[in-house]
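J.: Below is the structure I would like to discuss, written out as C-alpha cells.
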Amino acid sequence: MAYQLSRREVEDLRSSLDRAIYRTIGKSDSSLLSTVSSCLTNGYERRKIIDKISSHIDSKKASKLADKVIALAQELVSTSKTQKRKYDDKDKDKDSKRSRHDDRHESRDEKRDRDRDKDREDKEKKADNGMELPSILPDGETIGSKMAGLSADKIKVMMANAQKEIEERKRALLALKGEPRNVTTAAAAAQQIKVQMQQNNAIPPPSVIKPVLYSKPAVQPITAEELEKQRKIAELQARIQRKLAGGALAAAGASGPAPLILDREGRTIDTSGKRVQLTHVAPTLKACNLGADDIVENVNEDAITNLVEHPQQLRPPTEPLKPTYMPVFLTKKERKKLRRQSRREAWKEEQEKVRLGLEAPPEPKLRISNLMRALGTEAVQDPTAIEAKVREQIAKRQKTHLEANKARALTKDQKREKIDRKIREDTSMSVHVAVYRVKDLFECASAKFKVEVNAQQLHMTGCVVLHRGCCVIVVEGGPKQHAKYKRLMLHRIKWEEEMVKDADGQQTGNSCHLVWEGSTSKRAFGDIKFKVMPTEKQARELFHKHGVEHYWDLAYSGAVLGAGAEEP
C-alpha cells in the first residue's frame, strides 16, 4: 500500500524516521534519511521503497526499514483523518447553532414588523380623525423615502404649499410680538397641508409636522433669537425649493458660464440628467483637407521600383589619404635591452655555424693587454713577431670598422632628402597661415634675404608685398614650419636695430607684428615671391586675385591705426 505525504507531513515525521533508521542499522545516515523522505513525498509502494533503500543498506535491512516507514506513514494518515473528522463535527455543531440563532432572530424581526404595521394603522386612523402626525418618523423610514415615489409636479405643489404656510406663520409670529392673537388660522392651514399630503401618500416637511393646534391663544412674546431661527428655517426651505425647481443654475445668471455636471461614468449631463454632446475642436492642416488627386501634381511611375537606393559614400575632406599609425617610442633602457638581445642572437647563430662546420672559427681577438694570456708559450718564444702580428690584427679590425661606417653613411642627396622629409609636413587636411606686418622692408637687404631663404628652406608658400608704410608677409605651411618661421620673424631678426625713414623722412627703428594666424582648407599662393605695389589699391587687387583680400585689409587697417596712435 502506498502513502503519498506532503512535504510538511514528511518534515513532521522526520525525527521518527531518523529513530527508525538508527534502530535498523545502528547509526544515523543523512543520505538514507533523504532517500526515505523522497519516497514518502513521491508516494512509492513498498517494493519500490525497498529498491531505493537497497542502494544504501542490504536487502534484508531495507525490507525491515521499509515496513517501519510504511507503518509510520499509516499512523500519520490515520491520525490526520481522525482530527479532520473532529473538526467537521465541530463545524456542523456551529452551523446548527447559527441556524437556530437565525430562526430566533427571524421571529423577532417578524414580531417587530407586525408591531410597526399596527402603529402605522393607528396613526392613519388618528390622522383621519383630524389628529396631528407624530414629529418622529418610524425606524427605517425617512422623508426622502416617502418623497421618492412622488412626481416632480407633486413635489413642487407640496413645497409651494409649505412655503405659503411658512409665510403665514411668520406673519402670525410678528403679530404675536405686537399684540397677542389666536393662531388658529395658521393651524388650520397646516392641517389642510397635512391632509393634502396624506392623500398624495407623502410626508410633510419637518416644519409642518410640528404641533400647531392651540386651544388657547399664546400670551408670551417671541424673543429675537427665536425670530432669527425662524428666518434661517425659512431661507433653508426657500433654497431647497429653488434646487428642486432647477433654480441653482438660474440663480447663477445667463451671463456667467454654465457649470460642468458629470455623472458617475464621467460623462457630461445637464440639469435634467440628459447627456450632453460636446463639440471637440481640433487643429487641422490644409494638407489634411486635400484629396489624393491633389497631393499627387506629376509623378513618374516608371521610376518607382522595389529597390532601395543607397547614396554613395564619400570620403570626408579631413580624412587622410593614407592611414596613420601611432609610432612606438622606446626608452633608453629598452633600446639597450633590445640591442643586447639581438646581438646575442646573432652570436649564437655564428657559434652554431662554427659547430656544424659551415664556417671557420674566428681568430682570437688579440690586444696588447691580453697578449700573454691568449698566446701563452708562443709569446715567450718570439715576443717581437707576436707583437707585430697583434698590431696587424688591430689595424685590420680598425679598417673593417671604418669601412662599415662609410658604407652606412648617407650621400649628399640622401642627407638632403632626409632633412627635407623632416621639414615637410602633410597639409592635405588643413593649411596653417600667418600674416606679418613690417614697417619698411625696402632698404633691409639682410632681412629680405632671411625672410625669403628661410621660407624656401622650410618649404613654405606665400607672398611678400612691399608698400611704403606697410609691408605684408603671408606664409603658408604646417604647424612645425610655422613655429620655426615665427621664431625667425619675432626673435632672431633684430628689427629695432635697423633704421628706416618714416613718412616725415626721419630715421626710426623698424618693427614687425604678427597680425593673424590660423588655418584654411587649401593654399592660396605658390612659392614665396616679392611684389612691389606703389598704391594701396594695387596691393588689395593682388590679394583679391588670390581670394584673400581680407589679409590686406586686416594688415593695412592695423598700420593706419598704429600710425595714428603714434602721433602726439
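The values are calculated or read from the model by the stated rules, or taken from the named source; none is laboratory data. Everything quoted here is computed from the prediction, not taken from an experiment. All Cβ positions, even for glycine, are placed from backbone atoms using ideal geometry, and neighbour counts span all protein chains on display. Each accessible area value is taken on the protein alone, full model and side chains, heavy atoms only, with ligands, DNA and RNA left out. Shrake-Rupley method; radii C 1.70, N 1.55, O 1.52, S 1.80 Å.
J.: Taking all protein chains together and a probe of 1.4 Å, list His482, His546, His401 from the most accessible to the least accessible.
T.: On the way: His482 20, His546 75, His401 100 Å².
Descending accessible area places them as His401, His546, His482.
J.: Please arrange Phe449, Phe329, Phe543, Phe442 by accessible surface area, largest first, computed with a 1.4 Å probe and ligands excluded. Present the calculation step by step, with values, prior to reporting the outcome.
T.: Values: Phe449 130, Phe329 165, Phe543 0, Phe442 55 Å².
My answer, sorted largest first, is Phe329, Phe449, Phe442, Phe543.
J.: Ok, one more. Using the Karplus curve 6.51 cos²θ - 1.76 cosθ + 1.60 with θ = phi - 60°, work out ³J(HN,Hα) for each residue of the range 438-449 in order, rounded to whole Hz, and write x for Gly and Pro.
T.: Listing the rounded values in order: 10, 4, 8, 10, 6, 9, 8, 5, 5, 5, 4, 5 Hz.
J.: Could you pull out every residue, at least 5 positions away or on a different chain, whose amide H is within less than 5 Å of the one on Trp516? Hs are placed 1.01 Å off N in the peptide plane, and Pro or chain starts have none.
T.: Val435
J.: What fraction of the Cα pairs in the range 447-533, stated in percent, has a spacing above 17 angstrom?
T.: The share of Cα pairs beyond 17 Å in the range 447-533 comes to 51 percent.
J.: Work out how much length Ser16 to Val560 would gain on full extension: take 0.36 nm times their residue separation and subtract the Cα-Cα distance, in nm to one decimal. Intermediate results must be reported in sequence, preceding the final value.
T.: Numbers: separation 544, 0.36 × 544 = 195.84 nm, distance 11.41 nm.
Working it through step by step, the gained length comes to 184.4 nm.
J.: At 1.4 Å probe size, with no ligands or nucleic acids counted, give the accessible surface of Ser38 in Å², nearest ten.
T.: Only protein atoms counted, so the area is about 50 Å².
J.: Determine the share of the range 347-469's accessible area contributed by carbon and sulfur atoms, expressed in whole percent, with a 1.4 angstrom probe. Walk me through the numbers before you get to the answer.
T.: Numbers: 4750 of 8920 Å².
Carbon plus sulfur share of accessible area: 53 percent.
J.: Let's see if you can work this out: charge +1 on each Lys and Arg Cβ, -1 on each Asp and Glu Cβ, no other charges. What is the dipole magnitude of the range 310-382 about its Cα centre, in debye to the nearest 20? Mind showing how you got there, number by number?
T.: Details: 17 positive and 10 negative charges, 122 e Å.
With only Lys, Arg, Asp and Glu charged at Cβ, the dipole is about 580 debye.
J.: Residues with beta-carbon under 15 Å from that of Ile528, excluding Ile528: net charge, scoring Lys, Arg +1 and Asp, Glu -1?
T.: Values: positive: Lys448, Lys450, Lys484, Arg523, Lys529, Lys531; negative: Glu452, Glu476, Asp527.
Computed value for this residue: +3.
J.: Does the range 1-70 classify as rounded, prolate or oblate by the C-alpha gyration tensor (a ≥ b ≥ c root eigenvalues; a/c under 1.5 gives rounded; else a/b over b/c gives prolate, otherwise oblate)?
T.: Details: a/c = 1.79, a/b = 1.17, b/c = 1.52.
Note, shape of the range 1-70 comes out oblate.
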